[in-house]
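Reading through the structure tokens given below for one structure.
The values are calculated or read from the model by the stated rules, or taken from the named source; none is laboratory data. Fair warning: this is a prediction, and the values are worked out from it, not measured in the lab. Here Cβ is always computed from backbone atoms with ideal geometry, including for glycine, and neighbour counts include all displayed protein chains.
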Amino acid sequence: MSNDAVHSLGLTHRERVEIDAFALHFVDDHGHRNRLRELESAIEGQQTKTVARVLESGMAAHGAAYPLLLITESLDAVFALYRRCGIADDVRDATLADVRRWVDEHAARFDGEFGFSQVFWIARHLSCRILQLGSLQFEPKRFDYPYRIYRSPGSASLLVVAEPGLRCDAAGYLEEQSPAFVTALEEDGAMLCAHAVDATRGRISPVVSSYRLDDLKLLCNRESEILNVHIPKGVAFTAEAVDTAFNAALEHYLQHRIFVCTSWLLDPALGAVLEGESNIVRFMERFSKFPVTFSVPQLYERVFGFGLGEDEVRSCAGKTRLQRRVQQALAAGVVFRTMGGFIVARDSFPW
């Protein structure tokens, strides 16, 4: 294994030795060589789904350490792809360092086991579909949410409306099982009649409102290309660091001007447990919000750990100040949600 692998993936010397020893089991394994050739070909073609499938099938056959062997042995193909895409080495290394984060996460979830299980996620990094620019990761893709974003010509004000057929509770959040109302949308060439989204709270109005289409310019719908924003664990999260990351994305992705993020970090309810000047609250307030579907609030996973539902969160021993504040907020009736949000960029941050 080359020193480039250790540097780019953040692997320790002990982990390098462990992977080298593991590799000895596959020296004459034709299945391994075929799998590696398929992986390298998929990386070269930026075939993210194939990359993920190869890593997943290898993990199923040989355990959680095996994806790391495949990743390290395919790094020449990964590096060649990044060079072909014109990506600087420091950006490449910052992007691939996500492997280190998920090796640590795997160990935390599986009693210290050395391995890697986030194969569908890391396939995008290996395929150069996601880049880390400063503190944030960016991924060009379709918007693909059931909302439309409009702007009034000559104005900075934005209008977000829901597509038809969204099942909502009385407060305007998505509720599939027992909806209080279902959204409708009609347009006749002159007027748009739809349910507006409260972009501060991230909830849908139960009332249909009417808008003149001549007063609106469509900025984004399901098919629009946007930049998905991902927040890596452990990065600098000051306002200045976030500004720098967004500006770097604007310079790199010249054709993209809409940033979209889905995260617990966008939940307006965080204002109940964090100070108004905290980095998280300041990040949340950058975004216009819209509701998304989720089963368990992502906050539980990120603040308390994987696999916990609300009952477990309420009853577990709060070890940190944030954990205790979340428990107090739940006891007071605060509801936490995973939230979607967007930013329409103009020139540079901050605005």
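Out of everything in segment 279-308 that is among the small types (Gly, Ala, Ser) and farther than 27 Å from residue 162 by Cα, what residue ends up being surrounded by the fewest Cβ atoms within 10 Å (Cβ to Cβ)?
307
Name the residue, out of 153, 140, that is of a type outside the set (D, E, K, R), assigned to a loop (DSSP other than H, G, I, E, B) and touching a residue at least 40 places away in the same chain (Cβ under 8 Å). Before you say what the answer is, go through the steps one by one.
Working: 140 fails: assigned to a loop (DSSP other than H, G, I, E, B).
Testing whether each residue is of a type outside the set (D, E, K, R), assigned to a loop (DSSP other than H, G, I, E, B) and touching a residue at least 40 places away in the same chain (Cβ under 8 Å) leaves just 153.
Table: residues versus (1) more than 29 Å from residue 306 (Cα to Cα); (2) buried (at least 17 other Cβ atoms within 10 Å of the Cβ); (3) of a type outside the set (A, V, I, L, M).
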{"site": "68", "(1), (2), (3)": "no, yes, no"}
{"site": "79", "(1), (2), (3)": "yes, yes, yes"}
{"site": "96", "(1), (2), (3)": "no, yes, no"}
{"site": "99", "(1), (2), (3)": "no, yes, no"}
{"site": "102", "(1), (2), (3)": "no, yes, yes"}
{"site": "109", "(1), (2), (3)": "no, no, yes"}
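Spot the failing condition for residue 234; the list is (1) touching a helix residue (DSSP H, G or I) at 6+ places or on another chain (Cβ under 9 Å); (2) without any contact (Cβ under 8 Å) to a residue 60 or more places away in the chain; (3) of a type outside the set (Phe, Trp, Tyr); (4) assigned to a loop (DSSP other than H, G, I, E, B), and only one is missed.
(2)
Return a yes/no flag: does segment 205-220 have any residue that is more than 23 Å from residue 93 (Cα to Cα), among the aromatic types (Phe, Trp, Tyr) and not assigned by TED's automatic domain parsing to the domain that holds residue 297.
yes
If residue 244 satisfies all but one of (1) of a type in the set (S, T, N, Q); (2) touching a helix residue (DSSP H, G or I) at 6+ places or on another chain (Cβ under 8 Å); (3) over 24 Å from residue 154 (Cα atoms), what's the number of the condition it fails?
With (1) of a type in the set (S, T, N, Q); (2) touching a helix residue (DSSP H, G or I) at 6+ places or on another chain (Cβ under 8 Å); (3) over 24 Å from residue 154 (Cα atoms) applied to residue 244, the lone miss is (2).
Kindly provide the set of residues from segment 313-328 that are aliphatic (A, V, I, L, M) and over 16 Å from residue 302 (Cβ atoms), ordered by number.
Passing the criteria: only 317.
On the basis of being of a type in the set (Gly, Ala, Ser), over 25 Å from residue 110 (Cα atoms) and in the same structural domain as residue 121 (by TED's automatic domain parsing), does residue 97 make the cut? Before the answer, list the steps.
Numbers: of a type in the set (Gly, Ala, Ser): yes; over 25 Å from residue 110 (Cα atoms): no; in the same structural domain as residue 121 (by TED's automatic domain parsing): yes.
When the stated conditions are applied, residue 97 does not pass them.
Quick check: is even one residue across segment 287-309 charged (D, E, K, R), in a loop (DSSP other than H, G, I, E, B) and modelled with pLDDT of 95 or more?
no
Does residue 162 satisfy being outside the structural domain of residue 292 (by TED's automatic domain parsing), of a type in the set (A, V, I, L, M, F, W, C) and more than 27 Å from residue 295 (Cβ to Cβ)? It would help to see each step written out before you state the result.
Values: outside the structural domain of residue 292 (by TED's automatic domain parsing): yes; of a type in the set (A, V, I, L, M, F, W, C): yes; more than 27 Å from residue 295 (Cβ to Cβ): no.
Considered against the rule, which asks whether it is outside the structural domain of residue 292 (by TED's automatic domain parsing), of a type in the set (A, V, I, L, M, F, W, C) and more than 27 Å from residue 295 (Cβ to Cβ), residue 162 comes out as no.
Does segment 189-246 hold any residues that are modelled with pLDDT of 95 or more, of a type in the set (Asp, Glu) and more than 19 Å from the chain's Cα centre (by Cα), and which are they?
Result: 198, 240.
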